[in-house]
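The values are calculated or read from the model by the stated rules, or taken from the named source; none is laboratory data. Every value quoted in this text rests on a predicted model; they were computed, and no experiment measured them. When we count neighbours, we look across all protein chains shown, and the Cβ atoms used for this are built from the backbone with ideal geometry, even at glycine. For the accessible areas, the whole protein counts, side chains as well, though only heavy atoms, and no ligand, DNA or RNA atoms are used. Shrake-Rupley method; radii C 1.70, N 1.55, O 1.52, S 1.80 Å.
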Amino acid sequence: MKARRAVTNTICHLLLAFLSLIWVLPIGYVLLTSFRKESGSYKSYIWPRGFTLDNYKNLFQPTSQVNFSRWFFNTLIIALISTAIAAFFVLCVSYCMSRLRFKMRKPFMNVALILGMFPGFMSMVAIYYILKGLGLTENPLVCLTLVYISGSGLTYYIAKGFFDTIPKSLDESAYLDGATRSQVFFKITIPLSKPIIVYTVLTTFMAPWVDYIFPSMICGANYDSYTVALGMFKMLEREFIGAYYTQFAAGAVLVSIPIGALFIVMQKYYVGGVTGGAV
């Protein structure tokens, strides 16, 4: 039995190591390409023949077509504002669905579940014409922020599951002491919900940070309003890929740093939020 278990464990570890190598290989390729000295897109080799930091330096030197620092700043502003407001909306909706009982509660939850089955880009044409009718398309950054905030309430299911695990007796005790619903929410529920708050913040931050579809619809040819995802995709167009491919790889590395740092710092809270919501 010990020998069979040792063989099984060895095979499992070898398989996991192989899968990890496959998963890490594209990341390693992008990282190596970001330091590659020779320009151009396709190369028949992976290991660069020369290393340089010029790709990172040139990335922050704006041109008439590429302005990475402006795109990065646009994305950061949109992500921070939409994350702060959208996370608050999600937590409020989740608390209401978990604690309050009112007419049309279950039909509302069913409608939200059904709408969540459809990808968001199916509605982007209708959303564009709504924004155009309101006269907001002249400011793409405001449009994108409104888009990311407006639909955030439908993503309440994980947070609702977490709130369901908090004993209702705490709320009832606070009501007996004269607390209002808002006081119970802000002074009792929220302090006990750090894992789900972190999970909600991370998920709402990632949506605008990596989204390409809505910015491509709203920004058009206004380069100064591009987000990082849209701008970096432009760097891969036929007329730019030869000159900007290595800078694109450097930009991909820089874009991954904020999300990677957030996940590393808040990993334990993220896991707690996912498991609590699943329960």
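Average 1/r across all pairs of distinct alpha carbons in the range 170-212, invert it, and you get the Kirkwood radius: 12.1 Å.
Where a Cα-Cα gap under 30 Å defines reach, which lysines qualify for K37, not counting those fewer than 8 residues away within the same chain? Straight-distance partners of K37: K57, K234.
Listed by chain and number, the lysines whose C-alpha is less than 26 Å from the C-alpha of K187, apart from same-chain residues fewer than 8 away, are K160, K168, K268. With the largest listed first and rounded to whole Å, the semi-axes of the equivalent ellipsoid of the chain from the Cα gyration tensor are 40, 30, 16.
Summed over qualifying helices (DSSP H, 4 residues or more, each -39500 (n - 2.57)) and divided by its residue number, the chain shows a 222 nm mean residue ellipticity of -22000 deg cm²/dmol. What the phi angles of the range 223-233 give under the Karplus curve with 6.51, -1.76 and 1.60, with θ = phi - 60°, is a coupling list of 4, 5, 9, 5, 8, 5, 4, 5, x, 5, 5 Hz, glycine and proline written as x.
In percent, rounded to a whole number, the relative contact order of the chain is 32, using alpha-carbon pairs under 8 Å and six or more apart.
Modelled this way, with points 7 Å down the Cα-to-C-beta line, the labels at V210 and F18 are 2.7 nm from one another. What the phi angles of the range 201-215 give under the Karplus curve with 6.51, -1.76 and 1.60, with θ = phi - 60°, is a coupling list of 5, 5, 5, 6, 6, 5, 4, x, 5, 10, 6, 10, 5, 5, x Hz, glycine and proline written as x.
Couplings 3J(HN,Hα) of the range 54-60, computed from phi: 5, 4, 6, 5, 5, 5, 9 Hz, in residue order, whole Hz [Karplus 6.51 cos²θ - 1.76 cosθ + 1.60, θ = phi - 60°; x for Gly and Pro]. In terms of overall dimensions, the range 92-202 has a Cα radius of gyration and Dmax of 17.4, 52 angstrom.
Computed extension length for I190-L154: 11.0 nm, one decimal, from 0.36 nm per residue of separation with the Cα-Cα distance subtracted. Which distance in Å, rounded to a whole number, links the C-alpha centroids of the range 1-46 and the range 202-226? Centre-to-centre distance over Cα atoms comes out at 31 Å.
Over the range 122-233, what is the relative contact order in whole percent, taking alpha-carbon pairs under 8 Å and six or more residues apart?
Over the range 122-233, the number comes to 33 percent.
When exposed loop sites are taken as chymotrypsin sites (Phe, Trp or Tyr not before Pro) in a DSSP loop with at most 13 other Cβ atoms within 10 Å, the longest stretch of the chain clear of them is 103-279.
Taking T75, T155 and ordering them by how much accessible surface each has at a 1.4 Å probe, largest first, produces T155, T75.
With loop defined by DSSP as not H, G, I, E or B, and exposure as at most 11 other Cβ atoms within 10 Å, which is the longest segment of the chain clear of exposed trypsin sites (Lys or Arg not before Pro)? Counting only loop sites that pass the neighbour cut-off, the longest clear stretch is 104-237.
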